[in-house]
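Any read-out appearing in this document is the output of simple, stated calculations on the displayed coordinates, not a laboratory observation. In this text, all values refer to a predicted model and were calculated from it rather than measured experimentally. Cβ: placed from backbone, ideal geometry, glycine included. Neighbour counts: every protein chain shown.
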Amino acid sequence: MKRSIKLKKLLDNYQQGWSLEQPFYLDNDVFNAELDAIWKKYWLFAGTIADIPKPGDYFTYKVHNDSIIIIRGNKGEVFAHYNTCRHRGSLICLEEKGRAPKLVCPYHQWVYDKDGSLVNARLMPDDFDKSEHGLHPVKVEVTGGFIFISLSDNPPDFRKVADDYFPFLAPYKLENAKVAFKKSYELRTNWKLVAENFRECYHCGPAHPEYCSAVIGANMKESAAEVLQERKVEWERSGLAVNNVEFENDSFHFAIRYPLRPGVLSYSTDGTAVAIPMGDHKDYNAGVLGLVVLPNFWMDAVSDYMWTMRVTPMGPSKTMIDLAWLVDKNAIEGEHYTLEHLTEFWKITGEQDWKLCENNFAGIESSRYQPGPYAPIEIDVVKFVDWYLNRMRDGVLEAASAS
Amino acid sequence: MKRSIKLKKLLDNYQQGWSLEQPFYLDNDVFNAELDAIWKKYWLFAGTIADIPKPGDYFTYKVHNDSIIIIRGNKGEVFAHYNTCRHRGSLICLEEKGRAPKLVCPYHQWVYDKDGSLVNARLMPDDFDKSEHGLHPVKVEVTGGFIFISLSDNPPDFRKVADDYFPFLAPYKLENAKVAFKKSYELRTNWKLVAENFRECYHCGPAHPEYCSAVIGANMKESAAEVLQERKVEWERSGLAVNNVEFENDSFHFAIRYPLRPGVLSYSTDGTAVAIPMGDHKDYNAGVLGLVVLPNFWMDAVSDYMWTMRVTPMGPSKTMIDLAWLVDKNAIEGEHYTLEHLTEFWKITGEQDWKLCENNFAGIESSRYQPGPYAPIEIDVVKFVDWYLNRMRDGVLEAASAS
Amino acid sequence: MKRSIKLKKLLDNYQQGWSLEQPFYLDNDVFNAELDAIWKKYWLFAGTIADIPKPGDYFTYKVHNDSIIIIRGNKGEVFAHYNTCRHRGSLICLEEKGRAPKLVCPYHQWVYDKDGSLVNARLMPDDFDKSEHGLHPVKVEVTGGFIFISLSDNPPDFRKVADDYFPFLAPYKLENAKVAFKKSYELRTNWKLVAENFRECYHCGPAHPEYCSAVIGANMKESAAEVLQERKVEWERSGLAVNNVEFENDSFHFAIRYPLRPGVLSYSTDGTAVAIPMGDHKDYNAGVLGLVVLPNFWMDAVSDYMWTMRVTPMGPSKTMIDLAWLVDKNAIEGEHYTLEHLTEFWKITGEQDWKLCENNFAGIESSRYQPGPYAPIEIDVVKFVDWYLNRMRDGVLEAASAS
């Protein structure tokens, strides 16, 4: 009960429109409550089908203490399992990615099928029931080639996300995409500070010159309205989805299409295209497709590449960032694109943000830190914080009714 | 009381024949209870007299927070002391090994004799009683040259271990042995997973090709019975001890002699001898002498060398492994043996095991880890677990009666 | 209440004249109580005006979780602020030192004046009250160019320190001094063991040959009385302050002037001068001026340089040491001094001490550590411990009356 009383008090004390109190960023009890109320309940972006194009291709995703195996089945379906053998608990897949016709535990060679069922356990007694010892399953949803998992047995309904996202993602044809580059960062910050950072452009003008040179209005000094109006007509003509999806009520996903600055073809430091158009795209006029699925997924796609960001908390003060850059499978490195040109825009912009997020955390550690007022322009941060607090309130209620 | 209630519940819930529940491997309260019930009560292997052949030779052994000085006395006796000065607590011996006619604290030069008595404390007042300020003693037992210590004032009786081991160890003549090589490893695993690993060969076939090539039956595909029968006759003829010692009731030691594969002379990757026979051994026919003293000692000796393993927990997730290779004092490096040939068998085999133990731990960290059934062939692991649980149950009872 | 009961018991159990019990050095609750009773209440040496000679020059000082900005104002005054933006808490100054006409938060560019007042917060609503959002102030006192801060709103009176120190420090003319060198160390020890180490010379003879060669009597084998008598007359003739300040009652500062060994001109390994005399000093006859302000400041000044030591605890087992060497502004490196000659005396002596303090801590971690008797010659350590315990007793009383 003690943890829940502390949480309830913190939640009750929150002043709408102001940043969160210190314990939300530093306290271990709050972090553990977040694991229950959010991270082990909601849908988490794991990767894309381009990570595992063939049957038996797998990758692992570590969410706090849980390593998850995501593996492609024989018919192209995607399975996810807890990476812990049902014999004595060993990790089964030791690498971040690989290919395996069967999942064989390296300790005593128990053999599991791609769907997680135990198919062989040598030297076990005759009455041992293999059907009782399959890998613990993890729920999976795939939409437009994007793989989401939930560590809950009873996660929120994913249908609306799938329905809303499909028209946006279909033209990218993820089944014909490839992962061109990946990069990971370990940040000394709280995951919510990354989420807050990526929900406002109050900081963009001074902090992100490269980003502002590509996106009209990001500097908060220009209006993007006119350009948007023009482009929207074009996008509709080209058959591109334009119905933005806002966060509302208790939803947890978001989609927006917005224009690049006129003359800018891609998210690149020089404004030129970085690769051939992806999937069904014929030109470089798709603008930017921005997706967010709380709590861990951000994506920005332009006509010629997709950039995905996966945010994973390892503790109150430690957050992993995993970035991926996807291009069309037909794009040939050296001929159609170079890794430097493809990746430098988001490497530069991302690394600017990691520093801001780490500085933000270090300042919040001060004994005199106190919540400050969000600027009007930070309204989407307020919405994120409200969403977060409502999830935490639900979590407190659930914990109370469970005990 | 809270810790003991948690422990009691865990102990009561244990399902015989299954692996332990997660808290036994991860929880700090369990770990602290283990310190009391096992590590600060039972006998711990520290090293051998070959580590400290001459008066004043010493080495230090760090057991959790306690550094222990083990020092050879003037008559060859072995003393052990807590490495903390009775003045202001400083460490006295700063190195892992050395030689000292007296133990002098490096801070204010209080001087202790090898037996721990304070012999000089400069500038202390006349009424200062040196006899009240000797080093805190640690109990010591030596059998066949093997040094065991206990951090308890009232440790279990060691006599049976000494009696059982002496005939096995005497032919090795430890007083004429030397330490040829030492190597330490810090593992991210729980100490019990190392203990479990070293009590079963269910994993040996696929994991240890080198080991299986030296030991008949280790692959679980052959019978060693016939070869054992033949060799036993030879061993008895040669005067070698053959009365294996099983764990029984509340005992904590074990001894076995078993044959090498015919044609294999030593624990080496090529099956050839690695050094001259040790002590009284005249040939390479002694097979393997395997000793275990719970909780921290494993030894495998062949005719020409001894390999000792000391396991020391530094926390639930951190375990130190200290290996030593001993050969006859008359064996000359470069002439009778090379370090590579001597050590590669157990370096390779040990490092295979460290990986398995670390993977096992990492998988047990999963929120979905649950105890699994030991295979019938893992019966000795079950015995270890039962021994462990009984010690923990005794510890809970003792703590209850003490409070 | 639980923490305070534990503390009260520990404080009540203390045996006068003996070293502290283990929890005083290792326990997190004790450490947190120290933060409240001492570190966030008393005056802490931060640096000197020679660190920030010009308006806008600043440095940061990290005290446990709090980063503090110390900045020079336009009129030469010194301000100190908590380094956390009033908007969303980000660190404002990211570097250890720098120069800034205004303090601009790197996240969203809120702009603060040197005195901490918020002068600009772009895009905030019209009714936003800047005067309510200045940086949280930290109290500052400067005496003789030495900057002390207090994290308390109600710190002890500093006047007596200022009055007592001014005559000692005035001749050094800090406004004409420069910082020649700085060096920091992170020690695995408790801060009180550093404080104890620097209050006794029981260890000096064997541990500090260089120090003993410069200071008569430090080896505890000679008397300094005669030399002191002679020099005192000279010092008074030269107008140098000679009225030593002892710790008394609840005071927290100390000053002493004592002679160097005849023929020794400076704290140097060869006894020669290392630089030109500082400030008003005309020769090398000032002896040593030693200052201590508990809990974090030690200084030893000779005629030609000052050496300051700042001690900062980051946890029970982690202590930062920051050293600075100051010389006259007119001293030219290469011509009047070399860094090696200037710094080697205290680098050598300090590093000898860090090892002693770390060994002391490591030995106190033993489960068998128990308080030992201080030697009569360690009387000043006893005084420090008594001062410390009284502060902690006051803290327990205050915490009780506050709850």
**Prompt:** Are there trypsin sites (Lys or Arg not before Pro) in the range B:183-250 that DSSP marks as loop and that have at most 15 other Cβ atoms within 10 Å, and which are they?
**Reply:** B:188, B:221
**Request:** Taking a label point 7 Å out from Cα toward Cβ, give me the nm distances from residue A:96 to the same spot in the other copies, shortest first, one decimal.
**Result:** 3.2, 3.2
**Request:** Could I have the simple spin-label model distance between residue A:400 and residue C:36, label points 7 Å from Cα toward Cβ, reported in nm to one decimal?
**Result:** 2.9 nm
**Request:** Place a label point 7 angstrom from the Cα of residue B:314 along the Cα-to-Cβ direction, then list the residues of the range B:176-197 whose backbone nitrogen is under 20 Å away.
**Result:** B:182-195
**Request:** Along Cα→Cβ, 7 Å out, is where each label goes; now give me the distance between the ones at residue A:153 and residue C:246 in nm to one decimal.
**Result:** 7.4 nm
**Complete:** Most exposed to least, judged by fewest other Cβ atoms within 10 Å, A:150, C:367 sort to C:367, A:150
**Message:** Within 10 Å, Cβ to Cβ, of residue A:247, how many net charges do the neighbouring residues add up to if Lys/Arg are +1 and Asp/Glu are -1?
**Reply:** -3
**Chain A, rotation onto C, residue closest to that axis via Cβ, with its distance in Å** = A:2, 7
**Asked** Does the range B:46-142 come out rounded, prolate or oblate, given a ≥ b ≥ c as the square roots of the eigenvalues of its C-alpha gyration tensor, rounded meaning a/c under 1.5 and, failing that, prolate meaning a/b above b/c?
**Response** prolate
**Complete:** In this structure, among A:2/A:383; A:62/A:318; A:54/A:173, pairs with alpha-carbon gaps over 18 Å are A:2/A:383
**Asked** By its C-alpha gyration tensor, with a ≥ b ≥ c as the square roots of the eigenvalues, how is chain B shaped: rounded for a/c under 1.5, else prolate for a/b larger than b/c, else oblate?
**Response** oblate
**Complete:** Scoring only Lys, Arg, Asp and Glu (+1, +1, -1, -1) among other residues with Cβ under 12 Å from the Cβ of residue C:53 yields +3
**Fill in**
Given GluC sites (Glu not before Pro), DSSP loops and at most 11 other Cβ atoms within 10 Å, the longest exposed-site-free stretch of chain A is A:96-245
**Fill in**
For residue A:123, inter-copy label-point distances (7 Å, Cα→Cβ), nm, shortest first, read 6.5, 6.5
**Request:** Count neighbours as other Cβ atoms within 10 Å of each site's Cβ, and list the trypsin sites (Lys or Arg not before Pro) in the range A:13-109 that are DSSP loop with at most 15 such neighbours.
**Result:** A:75, A:102
**Asked** Using a Förster distance of 60 Å, how high is the FRET efficiency between residue C:351 and residue A:160, based on the Cβ-Cβ distance and rounded to 0.05?
**Response** 0.40
**Item:** FRET efficiency estimate (nearest 0.05) - Cβ-Cβ, residue B:386 to residue B:182, R0 30 angstrom
**Value:** 0.35
**Asked** So what's the back-of-envelope 222 nm ellipticity for chain B, counting only DSSP H runs of four-plus at -39500 (n - 2.57) apiece and dividing by all residues, rounded to 500?
**Response** -9000 deg cm²/dmol
**Request:** Could you pull the copy-to-copy label distances for residue A:244, with points set 7 Å along Cα to Cβ, in nm to one decimal and sorted shortest first?
**Result:** 7.6, 7.6
**Fill in**
Mean separation of Cα contacts under 8 Å (at least 6 apart) over the residue count of chain B, i.e. the relative contact order in percent, is 20 percent
**Fill in**
With label points set 7 Å from each Cα along the Cα-to-Cβ direction at residue C:131 and residue B:232, the distance between them in nm comes to 9.8 nm
**Message:** Quick check on the protein assembly as shown: take the gyration tensor over C-alpha atoms, sort the square-rooted eigenvalues as a ≥ b ≥ c, and tell me if it's rounded (a/c under 1.5), prolate or oblate.
**Reply:** oblate
**Message:** Can you return the aspartates and glutamates within cross-link range of residue B:114? Criterion is Cα-Cα under 19 Å, with same-chain partners fewer than 8 residues away left out.
**Reply:** B:51, B:57, B:66, B:77, B:95, B:96, B:129, B:132, B:141
